[in-house]
């Protein structure tokens, strides 16, 4: 009696992605600077620099609104400890307060007899002006929670890198795979990175975006892919040449594709087909044999056994099979002859 060998069950393949720490190690973000020229400007230099950066076509009423708010914001920060505006910002506790950061300025206005909703709104709205001028660099956590998101992105586009943001915006609009929501998210994330790290769009590195996406995941309790933002920065040349896709970065360290569960399953199917086709008068596969080709986990496949025997003096092969743990309860795996 000639007996064919047992189909070995393929190994279980891990699908785990790189952790945030592993991604940061391979693609590190730019470190946050402690000192830079704009943060060390004198009190009178900040409004002057802002006026020079303000578009001439801005509505005079908006210009006056920003000017009054900036004056109040500088007065408040000037009373905080620290040598630079950035140090005073963090010493005030506003960055750590996140969404509730306006409570500090509100208390300050009340202490100085200037408390009013309009004045507080004027004051807090001017912070995006200071961020756009690179006078302060809030943390990523604050920018993703306490920042005025629409005003932040709009002001960064206008004050920091108009051409860089325009290229990014044009690419997103021309890509049918990027929705309008994804386009706005890409512009906002880019503005957040520049606000926290400084520089322009061209200075952004892969690690900067990975860091933002990780902070977002921690704040929202879920991981949004950010693939559209990554693709826009990658395809416009911001990341440089030869940078892998976001999916490839998160999958680094997994087994190569030829060892994946799909490839292994295909190999098992090919082996079974070849075996059946070379056997004389082969009949269709049994339930147990079909279970080996199902697109389910291979963790239970080790108990699937398929055996064909050809008895002496018989031209018809006999196939017997054992029960497969993935077989439906309605199936009745047994012996077929």
From the list 132, 199, which residue is within 26 Å of residue 86 (Cα to Cα) and out of contact with any helix residue (DSSP H, G or I) (no Cβ under 7 Å at 6 or more places or on another chain)?
-> 199
For the range 212-234, how many residues meet the condition of being farther than 18 Å from residue 184 by Cβ and modelled with pLDDT of 95 or more?
-> 1
Has the range 50-68 got any residue that is within 17 Å of residue 137 (Cβ to Cβ), at pLDDT 70 or above and under 36 Å from the mean Cα position of the chain (by Cα)?
-> yes
Do you know which of the residues in the range 12-43 that are modelled with pLDDT of 90 or more and surrounded by fewer than 10 Cβ atoms within 10 Å (Cβ to Cβ) is farthest from the chain's Cα centre (by Cα)?
-> 42
Considering only the range 83-108, state which residues are modelled with pLDDT of 95 or more, part of a loop (DSSP other than H, G, I, E, B) and surrounded by 15 or more Cβ atoms within 10 Å (Cβ to Cβ).
-> 84, 92
Filter pass, residue 205 being over 12 Å from residue 189 (Cβ atoms), assigned by TED's automatic domain parsing to the domain that holds residue 187 and over 14 Å from the mean Cα position of the chain (by Cα) = no
Determine, yes or no, whether residue 91 is out of contact with any helix residue (DSSP H, G or I) (no Cβ under 7 Å at 6 or more places or on another chain) and either farther than 25 Å from residue 216 by Cβ or without any contact (Cβ under 8 Å) to a residue 24 or more places away in the chain (or both).
-> yes
Expected single match for surrounded by 15 or more Cβ atoms within 10 Å (Cβ to Cβ), assigned by TED's automatic domain parsing to the domain that holds residue 229 and part of a helix (DSSP H, G or I) among 167, 154, 119 is 167
Is there a residue in the range 223-239 that is more than 26 Å from residue 22 (Cβ to Cβ), within 14 Å of the chain's Cα centre (by Cα) and surrounded by 18 or more Cβ atoms within 10 Å (Cβ to Cβ)?
-> no
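The values are calculated or read from the model by the stated rules, or taken from the named source; none is laboratory data. What you are looking at is a predicted structure, and each value in this text was computed from that prediction instead of being measured. Counting neighbours? That spans all protein chains shown, and the Cβs are built from the backbone with ideal geometry, glycine included.
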